[in-house]
Amino acid sequence: MAREPIARRRRSKDEAGTPRRIPSQQRGRERVDLILSVASELIAKNGSDALRMGEIVEKAGVSFGSLYQYFPDKTAIIRVLAERFNEQGRQCVEDELVAIKSRDQLQSALGRIVDGYYAMFLEEPVMRDIWHATHADKLLQQVDAEDMEWHSQAFLTALKRLWPARDDSELARTARLTMQLVAAAVRYAISIEREEGDKVIELFKAMLPADLGALH
């Protein structure tokens, strides 16, 4: 799906919270996947604040040298996990938005996007802790900002397709606000009891306007 390019901050490989390198050989990729899998299990069990590099070494059966070869600190590990989860979510969003052919399909598509993200967080509880970590840690806030900008640009592309004569700045404002509200609704729903969270999601979907074009 064509979309406007998203500006990304270039990160140095030596910057804190940034993976040092992406292995090209299968053995290296498997080792990185093992490290990330163990880290994910530990985060799901104890939370991201309690994640310790020593515990990852012990549980994964790798040396400190191997661990630090790829990840200088736990923030770098959480960053990669967050980016992987974000990529899963983006694919679901892209599939929904590219399928929109008319304005009357927009509300239901947004509703399915909300349902999809809510379901992902329920099925993968570790995503909740990682999402919270990206908001609490200044080094990780850029990951969340980039993901939100991706969603805004993807939604803006859909809005331009439906309202080609509208002012781009107005549509961009609508796209960003809508995606922010979707994220806020899901974030709130996963922070409370499941039964109440389900009701919040249904209420939010009912509040989505049937015609976003009428807001301008």
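The values are calculated or read from the model by the stated rules, or taken from the named source; none is laboratory data. Remember, it's a predicted structure, so these values are computed and weren't measured experimentally. Ideal geometry is used to build each Cβ from the backbone, glycine not excepted, and the neighbour counts take in all protein chains shown. Only protein heavy atoms, including side chains, enter the accessible area calculation; ligands, DNA and RNA are left aside. Shrake-Rupley method; radii C 1.70, N 1.55, O 1.52, S 1.80 Å.
What single numbered condition from (1) more than 27 Å from residue 77 (Cβ to Cβ); (2) assigned to a helix (DSSP H, G or I); (3) hydrophobic (A, V, I, L, M, F, W, C) fails to hold for residue 179?
(1)
Please go through the range 133-147 and give me each residue that is buried (at least 17 other Cβ atoms within 10 Å of the Cβ), in a helix (DSSP H, G or I) and either touching a residue at least 60 places away in the same chain (Cβ under 8 Å) or of a type in the set (A, V, I, L, M) (or both), ordered by number.
Answer for the range 133-147, where residues must be buried (at least 17 other Cβ atoms within 10 Å of the Cβ), in a helix (DSSP H, G or I) and either touching a residue at least 60 places away in the same chain (Cβ under 8 Å) or of a type in the set (A, V, I, L, M) (or both): 133, 143, 144, 147.
Regarding residue 175, is this residue closer than 19 Å to residue 131 by Cα and of a type in the set (Gly, Ala, Ser)?
Spelling it out, it is not the case that residue 175 is closer than 19 Å to residue 131 by Cα and of a type in the set (Gly, Ala, Ser).
Mind listing just one residue for me: the one in the range 187-202 that is open to solvent by less than 100 Å² (accessible area, probe 1.4 Å) and outside any loop (DSSP other than H, G, I, E, B) and, of those, modelled with the lowest pLDDT?
To start, the set of residues in the range 187-202 that are open to solvent by less than 100 Å² (accessible area, probe 1.4 Å) comprises 187, 189-192, 196-198, 200-201.
With outside any loop (DSSP other than H, G, I, E, B) added as a condition, the list becomes 187, 189, 196-198, 200-201.
On the way: 187: 91, 189: 96, 196: 98, 197: 97, 198: 98, 200: 98, 201: 98.
Per the stated criteria, the residue is 187.
Go through (1) under 18 Å from residue 144 (Cβ atoms); (2) in contact (Cβ under 8 Å) with a residue 40 or more places away in the chain; (3) open to solvent by 40 Å² or more (accessible area, probe 1.4 Å) and name the single condition residue 85 misses.
Exception for residue 85: condition (3).
Let's see how each residue does on (1) assigned to a helix (DSSP H, G or I); (2) without any contact (Cβ under 8 Å) to a residue 60 or more places away in the chain; (3) surrounded by 12 or more Cβ atoms within 10 Å (Cβ to Cβ):
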{"residue": "156", "(1), (2), (3)": "yes, no, yes"}
{"residue": "159", "(1), (2), (3)": "yes, yes, yes"}
{"residue": "165", "(1), (2), (3)": "no, yes, no"}
{"residue": "169", "(1), (2), (3)": "yes, yes, no"}
{"residue": "175", "(1), (2), (3)": "yes, yes, yes"}
{"residue": "204", "(1), (2), (3)": "yes, no, yes"}
{"residue": "210", "(1), (2), (3)": "no, no, no"}
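Residue under question is residue 105, and the condition is that it be within 15 Å of the chain's Cα centre (by Cα) and polar (S, T, N, Q); does it hold?
So residue 105 fails the test.
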